[in-house]
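What follows is a short report on a single structure.
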Amino acid sequence: MRVERLNSKRRELVSDGKTDTGPLDVVIKKYSGKKGIMIPVLQETQRIYGYLPRDAFLRLSEELDLDLSHMYGVATFYAQFRLSPVGRHIIRVCHGTACHVQNAESITGALEETLKVVDGGTTDDGLFTLESVACLGCCSLAPVMMIGEDTYGKLTGSQAVKVIKDIRVKEKDLPI
Amino acid sequence: MGQVRVIVGLGSCGIAAGAGKVYERIRSLKEAENLDFTLSKTSCSGMCYREPLVEIIDETGWYLYGGIDEDRSVELLNSHIANNNPVKEYMVCTDLYETPDSRFFRKQVKIALRNCGIIDPENISEYEGRGGYEALKKIVSGNISSREIIKEVTDSGLRGRGGGGFLTGLKWKYTLDNKSPDKYVICNADEGDPGAFMDRSLLEGDPHSVLEGMIIAGLAVEASSGVIYCRAEYPLALKRLDIAIAQARERGYLGRDVFGYKGVCFDISVKEGAGAFVCGEETALIASVEGYRGMPAKRPPFPAESGLWKKPTNINNVETYANIPWIIREGAAKYAGYGTEKSRGTKVFALAGKIRHGGLVEVPMGITINDIVFGLGGGIPGDKTFKAVQLGGPSGGCIPAWLADTPVDYESVNATGAIMGSGGLVVMDETTCMVDIARFFLDFTARESCGKCTFCRIGTMRMLEILVRITEGTGREEDVPVLEELAGQIKESSLCGLGQTAPNPVLTTLRYFRDEYEAHINLKKCPAKVCKKLLRYEVSEGNCTGCTVCAKNCPVDAISGERKGIHHINQDICTRCGICYAKCRFDAIMVN
């Protein structure tokens, strides 16, 4: 589906030591010995890291007795899971039917141009990831986009761009 | 003076429109100035097009205000609350007199949505105050048997509201007949159809009615645990479900010994979906709950025989469960009194697209599409012409305007080639290209196909390629027959509903709008002026005043011309973005 595959050249199943897997202790404790845990475990892992790091796969597989290939199969099947880091803000532009007939294409187009990324990509500064989603369920406010928990409705391309610019300005004020 | 109540609608659409800020503003003003009224929240009343909504109830009557932003909320408090002077300007509805918006509610019969937009969904007492959990109490205290519950549900004529249309009582009976110490009840809340938001609104607005329906189903099929499989894209619904489940456990409606009756046990857990449309299909949903890729399995065995963890499992949709407590409480005959002979009761529709009053409506089965679009929905915005409605999402089809007197019931809708589906109803006008819509849905299904069946996996991709070709002006004459051939093969050779119905959007548009396909293929024109590669923007010399607005706004500098002189668009540079057309105030840009 929409998920980027891991680089197939690296086949050895060893840690690359890049990720601190300490935060996974809670997840392992919570789900140890239960059945049907695959999806919730991956969801909680992604909540911690923003994506599914390689080392998390390895540790979870070992400690929760999950088959690595099964984990990878599930992670690449569902649209929610990501195998690479994402920007601080995920912009989800709705492309449901109602948004489509109200020209959602122009929202994605305007954002692609402003952010200089293609759909699915992350900006160089790591601030934004641009995504298309199937339906956010706010059809009567079409066209809609969602950034974090905030939903913006009845958009035009230029309004969408303004929202992004406002976030950028706010981010610059923040200490790094 | 009686107590004045102020209620703010905080459903997802309301919050997206700014209702959260309005609620906070009213709350802080009330505290700061120690104003005398009670402030509470509710969820979506269905009137999404007028969000944010604020209700005021005082001794003179009921007033519903729409389009309220923070400043207007202050105005409401000053005028209506402080000076007893209702603000006519923002009034949407009132019980004192008819307003133009009153007709949005007039033909509606609210059964599944009976509490949506009325109660605070996070407060179980408000649900109980409107007859909530009485149906469950009636069953448990009256010692009503499984068979009797099922008979009542069967007699009501309720059919699966997720789109399948299978008789709910019969489904329950099959699960009951399969004996096993462990059985499950699943609520399918994986509302994946783009353009549908009934289940989201129900879960956000009245989660307890779904829980109560599930508990009753559990008692009927002799299951002791339930699972709600809900989309992760609905964070508010998930949050309110968690709150509702905790409250129901506290009151003893869920858990061991329901209502204090020994041996009656039922508990519910929530599973978050991870984003796969195919998981709306029951066997794929079960695979997903078990932690596998959401791939459908061959039926039989049906879930009623071998479902979750290979145990008998009853799966219904959110709306189906929400109807159950009402049916038990009010009786099957009353429910069956609505609707048509074969399609009893009511159905919730999500109205969206090119319609004035978009939102959520619940109507008796058998009402016509025209009634919904023009009666409740207020018709098409602007002076545009109504062209078609799309029913049933990617599995459904387009019903053209000339068939809009079709009654909405399972059989009549199926006869048009569309399906009832879960209830998404997207209205389209003359500016919607039907070939583009078919391409849009095929793009969706091709992407969401799980890949198990060859015809669905590869066939939808081939169909999509042809549709893309047609919309880009390189369609060939043989494309239409090839589309039809592929459609037949995909329908026949796919295991689950996704593949079996994926060609429907193409087949129905071909059936009713074949001329549009022909215009794209033979004339290389898009009659609705949507398909970009077939468009040509030109300046009408007669209308151009040389105001330079188009040239200034053109993102690629394709427009040249002197001030007060006629402008010209360079077709080699033009990207057909349409900005000049939108910006020109003199109708001087023509699209051909």
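Condition check ((1) away from chain B (no Cβ under 12 Å); (2) crowded, with 18+ Cβ neighbours inside 10 Å; (3) over 14 Å from the mean Cα position of the chain (by Cα)) across all residues:
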{"site": "A:Lys116", "(1), (2), (3)": "yes, no, yes"}
{"site": "A:Gly121", "(1), (2), (3)": "yes, no, no"}
{"site": "A:Leu127", "(1), (2), (3)": "yes, no, no"}
{"site": "A:Gly137", "(1), (2), (3)": "no, yes, yes"}
{"site": "A:Met145", "(1), (2), (3)": "no, yes, yes"}
{"site": "A:Asp150", "(1), (2), (3)": "no, no, yes"}
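Output the qualifying pairs, or none if there are none: Cβ atoms under 9 angstrom, residues six or more apart or on different chains, first residue in the stretch B:269-294 and within 7 Å of another protein chain (Cβ to nearest Cβ) and free of Cβ contacts under 8 Å to residues at least 40 places away in the same chain, second residue open to solvent by less than 20 Å² (accessible area, probe 1.4 Å) and part of a loop (DSSP other than H, G, I, E, B).
Partner pairs satisfying both residue conditions: B:Glu290/A:Gly36; B:Gly291/A:Gly36; B:Gly291/A:Ile37.
So how many residues does the stretch A:56-96 have that are within 13 Å of chain B (Cβ to nearest Cβ), part of a loop (DSSP other than H, G, I, E, B) and of a type in the set (A, V, I, L, M, F, W, C)?
Number of matching residues: 3.
Going through the stretch B:483-529 one residue at a time, which ones are closer than 19 Å to B:Gln571 by Cβ and either among the charged types (D, E, K, R) or surrounded by fewer than 20 Cβ atoms within 10 Å (Cβ to Cβ) (or both)?
Applying the first criterion (closer than 19 Å to B:Gln571 by Cβ) to the stretch B:483-529 yields B:523-526, B:529.
Correct list: B:Leu523, B:Lys524, B:Lys525, B:Lys529.
If B:Ile419 satisfies all but one of (1) open to solvent by 20 Å² or more (accessible area, probe 1.4 Å); (2) over 24 Å from B:Ser493 (Cβ atoms); (3) assigned to a loop (DSSP other than H, G, I, E, B), what's the number of the condition it fails?
Every condition holds for B:Ile419 apart from (2).
Right, B:Met461: free of Cβ contacts under 8 Å to residues at least 24 places away in the same chain, under 29 Å from the mean Cα position of the chain (by Cα) and within 14 Å of chain A (Cβ to nearest Cβ) or not? First the steps, then the outcome.
Numbers: free of Cβ contacts under 8 Å to residues at least 24 places away in the same chain: yes; under 29 Å from the mean Cα position of the chain (by Cα): yes; within 14 Å of chain A (Cβ to nearest Cβ): yes.
Spelling it out, B:Met461 is indeed free of Cβ contacts under 8 Å to residues at least 24 places away in the same chain, under 29 Å from the mean Cα position of the chain (by Cα) and within 14 Å of chain A (Cβ to nearest Cβ).
Tell me, which helices (runs of 4 or more DSSP H) lie completely within the stretch B:154-227 with 2 or more residues that are within 14 Å of chain A (Cβ to nearest Cβ)?
Numbers: elements: B:168-177, B:198-205, B:207-221.
Passing ranges, in order: B:198-205.
So in the stretch B:361-403, with the set limited to residues that are of a type outside the set (Gly, Ala, Ser) and in a loop (DSSP other than H, G, I, E, B), which one is farthest from B:Arg159 (Cα to Cα)? Steps first, answer last, please.
Taking the stretch B:361-403 first, the residues of a type outside the set (Gly, Ala, Ser) are B:361-365, B:367-374, B:376, B:380-381, B:383-387, B:389-391, B:394, B:398-400, B:402-403.
Narrowing the set further to residues that are in a loop (DSSP other than H, G, I, E, B) leaves B:365, B:367, B:380-381, B:383-385.
Working: B:Met365: 11, B:Ile367: 17, B:Ile380: 31, B:Pro381: 34, B:Asp383: 38, B:Lys384: 36, B:Thr385: 34 Å.
Only one residue fits best here, namely B:Asp383.
What tally of residues in the stretch B:309-325 results from selecting those that are crowded, with 23+ Cβ neighbours inside 10 Å and in a helix (DSSP H, G or I)?
The total comes to 8.
Considering the stretch B:336-360 alone, what residues qualify as being within 21 Å of B:Ser102 (Cβ to Cβ), open to solvent by less than 10 Å² (accessible area, probe 1.4 Å) and outside any strand (DSSP E or B)?
Answer for the stretch B:336-360, where residues must be within 21 Å of B:Ser102 (Cβ to Cβ), open to solvent by less than 10 Å² (accessible area, probe 1.4 Å) and outside any strand (DSSP E or B): just B:Gly358.
Would you check if there is a residue in the stretch B:106-127 being open to solvent by less than 70 Å² (accessible area, probe 1.4 Å), without any contact (Cβ under 8 Å) to a residue 40 or more places away in the chain and part of a helix (DSSP H, G or I)?
yes
Which is at pLDDT below 90, among the hydrophobic types (A, V, I, L, M, F, W, C), in contact with a Cys (Cβ under 9 Å, 6 or more places away or on another chain) and in a loop (DSSP other than H, G, I, E, B), of A:Cys99, A:Cys135? Outline the logic, then answer.
Numbers: A:Cys99 fails: in a loop (DSSP other than H, G, I, E, B).
Exactly one of A:Cys99, A:Cys135 is at pLDDT below 90, among the hydrophobic types (A, V, I, L, M, F, W, C), in contact with a Cys (Cβ under 9 Å, 6 or more places away or on another chain) and in a loop (DSSP other than H, G, I, E, B), namely A:Cys135.
Could you count how many residues in the stretch B:8-65 are among the aromatic types (Phe, Trp, Tyr) and within 14 Å of chain A (Cβ to nearest Cβ)?
From the stretch B:8-65, those among the aromatic types (Phe, Trp, Tyr) are B:23, B:37, B:49, B:62-63, B:65; that's our starting set.
Going one step further and asking which of them are within 14 Å of chain A (Cβ to nearest Cβ), we end up with B:49.
So the count comes out to 1.
Would you pick out the residues in the stretch B:422-439 that are at the interface with chain A (Cβ under 8 Å from one of its Cβ atoms) and either outside any helix (DSSP H, G or I) or open to solvent by 20 Å² or more (accessible area, probe 1.4 Å) (or both)? I'd like the intermediate steps shown before the answer.
Step one: list which residues in the stretch B:422-439 are at the interface with chain A (Cβ under 8 Å from one of its Cβ atoms), which gives B:424, B:426, B:428, B:432, B:437.
Passing the criteria: B:Gly424, B:Val426, B:Met428, B:Thr432.
Do we have B:Pro300 as over 27 Å from the mean Cα position of the chain (by Cα) and either free of Cβ contacts under 8 Å to residues at least 24 places away in the same chain or farther than 20 Å from B:Ala220 by Cβ (or both) here?
Values: over 27 Å from the mean Cα position of the chain (by Cα): yes; either free of Cβ contacts under 8 Å to residues at least 24 places away in the same chain or farther than 20 Å from B:Ala220 by Cβ (or both): yes.
For B:Pro300, the condition - over 27 Å from the mean Cα position of the chain (by Cα) and either free of Cβ contacts under 8 Å to residues at least 24 places away in the same chain or farther than 20 Å from B:Ala220 by Cβ (or both) - is met.
The values are calculated or read from the model by the stated rules, or taken from the named source; none is laboratory data. The structure displayed is predicted, hence computed values, not measured ones. Virtual Cβ from ideal backbone geometry, glycine too; neighbours counted across all protein chains shown. Only protein heavy atoms, including side chains, enter the accessible area calculation; ligands, DNA and RNA are left aside. Shrake-Rupley method; radii C 1.70, N 1.55, O 1.52, S 1.80 Å.
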